Structures are given as C-alpha cells and as structure tokens.
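Novice: I'd like to ask you about the structure that follows.
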Amino acid sequence: MSAVATARYHVTGMDCASCAAKIEGAARKVSGVSDVKVSIASQIMTLEVDDPAKRLPVVESAITDLGYQLDRMDKPMASGSEHDHDEDGDDDDDRIPDLSHVTPAYKRALWIVVLLNLGYGIVQIFGSFVAGSQAVQADSLDFIGDGMISFLGLIAIGWGLAARARTALLQGIFLALLGFGVIGSTVYRVFVENEPQTLLMAGFGLVAFIVNVLAAVVLIPHRKGDANMRAVWLFSRNDAIGNLAVVVAAGLVWALNSPWPDLIVAFAVAGLFLQSAWSIIRDARSDLKTARRGA
C-alpha cells in the first residue's frame, strides 16, 4: 500500500458553510481519501490520501465539476516522507497559493457579487425597520454573511494561514453577534405585537430574489462546463428559497392577520445563519492551531 500523504488546496468560490460541506462530501467519495477538512474561514481544504499521483487528479476533477477553483498549496511529497519542508527547514503549512488563473474579469465579477450582497444586506436591515418585519431583517443576514465571506476570499489572497484565520475569527464573531441581535429583537416582537407592513415586506423579499439572480448572472460567464453552471444555479437557488420564504410569510401575515408567520421565518433564517457563523468560528480556531503548530 502507498504511503498516506497530506495535500492542501486553496479553494476559490466558497461563500457559505454549505459550500464547504459540498466540497468535503465530493472529496470523501473518492477512493483512497481517508480524511478531509474544508475550512470556510481560511478557504483551505486539507486531505489525507494514499497514492496521491493517482487519487488527487480525481479529487480535483470532482471539486472543479462543482464549480470551484483549486490551487495546490504544498509541494508534492517524496514517497514515504512524513512532512514537506521549505529550504529554511520550516513546515510548508503557510504556503501562498498560485492564483494566476483568477483573471481580472473574474475578480471584477466577484467584487460585483460582494457589493450586491453587502449593499442589499444593509438596505434590508434599514428596510426591515420600515416594514416592521423580522423576516426581512433575518434575510439581510444571509446577504451580509455571503458578502463578507466573498470579501475575505478576495482581500486575503496571498495572506498566510494565521492572518486569514484571525480575520475570519473576527468576522465569525461579528456575524454571530448580528445573528443573536436578530434573535433577540424577534423574541422582543413575540411579546410586543406588531404586524409588519405586508406589501413592503413582500417587496423587499422580491428585490432580494432579483439581487440573487443578478449575482448568479454575473458569475455564470466565469464558470466552465455544464456542471459548474448547475453549481451556480444551485447556490443561487438556495439563497432564493430564503427570499421567497419572506414573500410567502408576507402573504400569510396578510391572510391570517397575524405576525406569527413573519416571526417563524425570522427564527428559522436566523438559526441557520448562526449555524454558519459557528462554522466560521470553529474553522478559524482550528486554522489558528494549525498555524501555531507550523510556526
């Protein structure tokens, strides 16, 4: 049996915890892969695999077919060696990936997506107070979270693992505080009856749906192959489901003359958001430990 080797990749294109889960699942399906860890915080995938010359091309193909870009961060290891070292004798855990394939046009597309997500997320926060809707407020978290993760992925190109992890940890804490804030204000609304303005609530939900479609349209020209096009569609669809849930809640609030549909959607969306924020914090802490060991 071939010696088990550790390989590390920088992943371009992740914007949420579900992306990391999809990548991890695709890698685990490849025969010979014994362990996989995908960090949304540092956007790095680490895996252990036997016969890397044979297995890694299969892993790379499986993940790029999902619509992501991969860059090998470590040098190919000699057969039977346990670690790869730089010339100065340090472990190669903090190698900067070669992202030459990330073209200026693709970077511009990613910046547009960041601005769409962060910009409309801020608009929705203010709009939620105008509409009196907790669901709209919770939906804004998804935009802000996706925008911040994509923003970190862009600005952190060339950063070391420790710097990415520290930045991601602060980001995860900030996002968690936003999520708890929405949960708290929603709990307050449970005891203070305040029926949202359904037309405004539905309007913000529909505009959010359009913004997600625009983000997909911007990214699709930079994804190759039918599988990658499908990946962009699937990610946008998942976000759009949350947007349409706000619209449906607005209709139920109007039909039932009750604020409860708005509150239920808010709790559900905020809960999922807190799960993603925890994934960022957990991954960032793990990455910091890895960086300290490498130092």
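The values are calculated or read from the model by the stated rules, or taken from the named source; none is laboratory data. This is a predicted model, so every value here is computed, not measured. Ideal geometry is used to build each Cβ from the backbone, glycine not excepted, and the neighbour counts take in all protein chains shown.
Novice: Quick test for you: out of Ala41, Ala20, pick the one residue that is surrounded by 21 or more Cβ atoms within 10 Å (Cβ to Cβ), of a type in the set (A, V, I, L, M), assigned to a helix (DSSP H, G or I) and under 16 Å from the mean Cα position of the chain (by Cα).
Specialist: On the way: Ala41 fails: assigned to a helix (DSSP H, G or I).
Going through Ala41, Ala20 in turn, the sole match is Ala20.
Novice: Being more than 30 Å from Leu152 (Cβ to Cβ) and of a type in the set (Gly, Ala, Ser) is the filter; apply it to region 175-222 and report the residue that is surrounded by the fewest Cβ atoms within 10 Å (Cβ to Cβ).
Specialist: Gly203
Novice: Okay, next question. Just give me the residues in region 31-60 being more than 28 Å from Thr167 (Cα to Cα) and either touching a helix residue (DSSP H, G or I) at 6+ places or on another chain (Cβ under 6 Å) or touching a residue at least 24 places away in the same chain (Cβ under 8 Å) (or both), in sequence order.
Specialist: Filtering region 31-60 down to residues more than 28 Å from Thr167 (Cα to Cα) leaves 31-34, 49-59.
Those that are more than 28 Å from Thr167 (Cα to Cα) and either touching a helix residue (DSSP H, G or I) at 6+ places or on another chain (Cβ under 6 Å) or touching a residue at least 24 places away in the same chain (Cβ under 8 Å) (or both): Ser31, Gly32, Val33, Ser34, Val49, Asp50, Asp51, Pro52, Arg55, Leu56, Val58, Val59.
Novice: Additional query: Quickly run through region 102-126 and pick out the residues that are of a type in the set (Lys, Arg) and in contact with a Leu (Cβ under 9 Å, 6 or more places away or on another chain).
Specialist: Here is the first cut: in region 102-126, the residues of a type in the set (Lys, Arg) are 107-108.
Listed by number, the list holds a single entry, Lys107.
Novice: Would you mind stating whether Leu118 is in a helix (DSSP H, G or I), on the phi < 0 side of the Ramachandran plot and touching a Lys or Arg at 6+ places or on another chain (Cβ under 8 Å)? Give the steps one after another, and end with the answer.
Specialist: Numbers: in a helix (DSSP H, G or I): yes; on the phi < 0 side of the Ramachandran plot: yes; touching a Lys or Arg at 6+ places or on another chain (Cβ under 8 Å): no.
Against the criterion (in a helix (DSSP H, G or I), on the phi < 0 side of the Ramachandran plot and touching a Lys or Arg at 6+ places or on another chain (Cβ under 8 Å)), Leu118 does not qualify.
Novice: Output the number of the condition that Leu214 fails; it satisfies all remaining conditions of (1) modelled with pLDDT under 85; (2) closer than 24 Å to Ala105 by Cα; (3) assigned to a helix (DSSP H, G or I).
Specialist: Only one criterion in (1) modelled with pLDDT under 85; (2) closer than 24 Å to Ala105 by Cα; (3) assigned to a helix (DSSP H, G or I) is unmet by Leu214, namely (1).
Novice: In the set Gly184, Gly179, Gly205, Gly127, which member is under 15 Å from Ala266 (Cα atoms) and out of contact with any helix residue (DSSP H, G or I) (no Cβ under 9 Å at 6 or more places or on another chain)? Write out each step before concluding.
Specialist: Values: Gly179 fails: out of contact with any helix residue (DSSP H, G or I) (no Cβ under 9 Å at 6 or more places or on another chain); Gly205 fails: out of contact with any helix residue (DSSP H, G or I) (no Cβ under 9 Å at 6 or more places or on another chain); Gly127 fails: out of contact with any helix residue (DSSP H, G or I) (no Cβ under 9 Å at 6 or more places or on another chain).
It is Gly184.
Novice: How many of the residues in region 53-72 are farther than 20 Å from Ile220 by Cβ and either in contact with a Gly (Cβ under 7 Å, 6 or more places away or on another chain) or of a type outside the set (Val, Ile, Thr) (or both)?
Specialist: Narrowing region 53-72 to residues farther than 20 Å from Ile220 by Cβ: 53-62, 71-72.
Applying the additional criterion that residues be either in contact with a Gly (Cβ under 7 Å, 6 or more places away or on another chain) or of a type outside the set (Val, Ile, Thr) (or both) yields 53-57, 60-62, 71-72.
Number satisfying all stated conditions: 10.
Novice: Filtering region 1-56 down to residues that are among the polar types (S, T, N, Q) and closer than 15 Å to Ala168 by Cβ, which residue is modelled with the highest pLDDT? Don't jump to the end; show me each part of the working.
Specialist: Here is the first cut: in region 1-56, the ones among the polar types (S, T, N, Q) are 2, 6, 12, 18, 31, 34, 39, 42-43, 46.
Narrowing further to those that are closer than 15 Å to Ala168 by Cβ: 39, 42-43.
Details: Ser39: 84, Ser42: 76, Gln43: 79.
Only one residue fits best here, namely Ser39.
Novice: If you don't mind, there's one more thing I want to ask. Could you identify the single residue in Val192, Val182 that is among the aliphatic types (A, V, I, L, M), closer than 19 Å to Pro261 by Cα, out of contact with any Lys or Arg (no Cβ under 8 Å at 6 or more places or on another chain) and touching a residue at least 24 places away in the same chain (Cβ under 8 Å)? Talk me through it step by step, then tell me what you get.
Specialist: Numbers: Val192 fails: touching a residue at least 24 places away in the same chain (Cβ under 8 Å).
Only one candidate qualifies: Val182.
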